[in-house]
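Data block below; observations after.
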Amino acid sequence: MALQKELLPYVRACFTGIWVCSFEPAEALRSIAALCRDEHWNLATWDIVSGLRIAGHVAPDEASGTDPPAAIRALEALGNSGTSSLMVLVTFHRFLQSAEVVQAVLKQLERGKQQRTFLIIVAPVVQLPPELERQFVVIEHPLPSREELLEIARGVATEPEDLPDGAELDRVIDAAAGLTRQEAENAFALALVRHGHLEPSTLWKLKAETLAKGGMLLLHRGSETFDDQGGLDALKAFCRRALRPRLAGASSCAPCGILLLGVPGTGKSAVAKALGNEIGRPTLVLDVGSLMGSLVGQSEERTRQALATIDAMAPCILFIDEIDKALSGVAGSGATDSGVSARMFGTLLSWLNDHTSDVFMVCSANDVSRLPPEFTRAERFDGVFFLDLPSRAAKDAIWRMYRDHFGIDAKESQPADDQWTGAEIKACCRLAALLDLPLSEAAKQVVPVAITASDSVERLRQWASGRCLSADAAGIYQFRPTGSSKRRAINIDPSAN
């Protein structure tokens, strides 16, 4: 239904070249055929196996088979019939490397304005040669809505006892969100075979495998919660409050997301991965580097595909780790990669501005100077938090947690940890258990990042002071250097030697 609504105005406005980006060509064909029946339009289809079919009948041999230009020229015979005529070319992007095919398409698009004939290419990717880039409009065939998934579930689970109700049914539909119609049908059937009823765990497993095959998104299904992290009380409280269930009609106040800046090892990634379990949403991990493709236009297309999948899986958490590294080349993109990074960044910014899906975005960064200024402006994120070295109380909580986790005696003395992050406390406990050493000896194997990268850490703290929210206590982060972090004064008095 959504595809029909998108397609209808373009045909009425006489856009003669339409590209439907779809992973479900059969479903897209059914939607287009239903629209043609409703509007009394002529419909022809062509693919490399079945050849050309007009109104369900096989076309003459010269216009079928493996001759794409002949199939395109056959559309002219359907013109001037008093109504619009649509030809759907399935997976036709495979033939657009041929100069003959491109020329045939160009000529037919020109004639289509007078004859009201339309070429519709249905393919999973958008790969247009330069000659056709301005001739086609691109329409996304959306993944199934929750209502469509519920209809599919009811079609598979024919027995009343196989289909749960209430909150359990909502969890089943949540688990199926983001799958194609065929994938959802297969997942529902597999759950019935394995469990005798629709079980969300089977759908989550299948969806994780599907996303992993695409290589752009990963579905994180760990068991972490906020209780597994010490400190960061203000950040945790902010996330819980921003993502609390909202009243009906409050969609205009939907949360956007948070940007986490801080010293490496202070728990930025751990917060993002625990947030999904804390509020009962799936956490999607987007690797921006995986979106880069070797073909012209592939990177931008993969970016659009990833964002469409994220929208379809809402409500969810979207986590982008170390986004400062991913966006560091945007400023010089025109000289280094022909502007690909800049266009990908523009697509991401447009999505951040315009998307209406319930997606809470969590980005982490270690070096704020690499981030383009337009990325951190107001309304991109609900809050920009700075994660400093943990406080004394937070460190004690982290020590207790990892002592228990690695089976270390609680009476064992605790080493000095003045400049340590939570990751370094974990490393000390793990090494003590691994090497069978006291904590004081294991601590000698740990060199804190606040010492190895002291200049960059202090520079980051100074930038964040007065600009970011504190992750530990409510309010603005203020950096107050201690005596140990200040530069040592030079003694100009003569020494005794």
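The values are calculated or read from the model by the stated rules, or taken from the named source; none is laboratory data. These numbers were taken from a predicted model, which means no experiment stands behind them. Glycine also receives a Cβ, built like all others from the backbone with ideal geometry; neighbour counts cover every protein chain displayed. Protein only, heavy atoms only, side chains kept; ligands, DNA and RNA dropped before computing areas. Shrake-Rupley method; radii C 1.70, N 1.55, O 1.52, S 1.80 Å.
A compact table of results
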item	result
Selection within region 356-376 - assigned to a loop (DSSP other than H, G, I, E, B), open to solvent by 40 Å² or more (accessible area, probe 1.4 Å) and out of contact with any Asp or Glu (no Cβ under 6 Å at 6 or more places or on another chain)	THR356, ASP358, THR376
Near pairs, Cβ below 6 angstrom, 6+ apart or cross-chain, from region 357-380 (farther than 17 Å from LEU318 by Cβ and charged (D, E, K, R)) to any residue that is assigned to a loop (DSSP other than H, G, I, E, B) and open to solvent by 40 Å² or more (accessible area, probe 1.4 Å)	ARG370/SER328
Matching helices (runs of 4 or more DSSP H) fully within region 289-338 where at least 1 residues are modelled with pLDDT under 80 and under 24 Å from ILE139 (Cα atoms)	298-312
Scope region 1-47; condition in a helix (DSSP H, G or I) and of a type in the set (Asp, Glu); matching residues	GLU6, GLU27, ASP38, GLU39
Sole exception among (1) charged (D, E, K, R); (2) within 27 Å of VAL362 (Cβ to Cβ); (3) modelled with pLDDT under 90 for LYS411, by number	(2)
Lone qualifier among LEU217, LEU198 - being open to solvent by less than 40 Å² (accessible area, probe 1.4 Å), more than 30 Å from GLU424 (Cβ to Cβ) and without any contact (Cβ under 8 Å) to a residue 60 or more places away in the chain	LEU198
Filter pass, ILE408 being in a helix (DSSP H, G or I), in contact with a helix residue (DSSP H, G or I) (Cβ under 7 Å, 6 or more places away or on another chain) and either polar (S, T, N, Q) or open to solvent by less than 80 Å² (accessible area, probe 1.4 Å) (or both)	no
Near pairs, Cβ below 8 angstrom, 6+ apart or cross-chain, from region 162-176 (within 19 Å of VAL193 (Cβ to Cβ) and free of Cβ contacts under 8 Å to residues at least 12 places away in the same chain) to any residue that is of a type in the set (Asp, Glu) and not in a helix (DSSP H, G or I)	none
Residue among LEU192, LEU211, LEU206 that is in contact with a strand residue (DSSP E or B) (Cβ under 6 Å, 6 or more places away or on another chain), open to solvent by less than 60 Å² (accessible area, probe 1.4 Å), in a helix (DSSP H, G or I) and more than 30 Å from THR45 (Cβ to Cβ)	LEU211
Any hit, region 42-61, residues being at pLDDT below 90, among the aliphatic types (A, V, I, L, M) and open to solvent by less than 20 Å² (accessible area, probe 1.4 Å)	yes
Helices (runs of 4 or more DSSP H) completely within region 419-471 that count 3 or more residues being surrounded by 16 or more Cβ atoms within 10 Å (Cβ to Cβ) and within 31 Å of the chain's Cα centre (by Cα)	422-435, 454-464
Filter result (open to solvent by less than 10 Å² (accessible area, probe 1.4 Å) and more than 27 Å from TRP19 (Cβ to Cβ)) within region 283-325	THR283, CYS316, ILE317, PHE319, ILE320, ILE323, ASP324
Near pairs, Cβ below 7 angstrom, 6+ apart or cross-chain, from region 252-270 (open to solvent by 30 Å² or more (accessible area, probe 1.4 Å)) to any residue that is assigned to a strand (DSSP E or B)	CYS256/MET361; CYS256/PHE381; SER269/SER364
Leading residue by the ranking (nearest to VAL457 (Cα to Cα)) among those in region 377-396 that are surrounded by fewer than 17 Cβ atoms within 10 Å (Cβ to Cβ) and not acidic (Asp, Glu)	SER391
Among residues of region 253-268, those that are more than 11 Å from CYS363 (Cβ to Cβ) and in a helix (DSSP H, G or I), counted	1
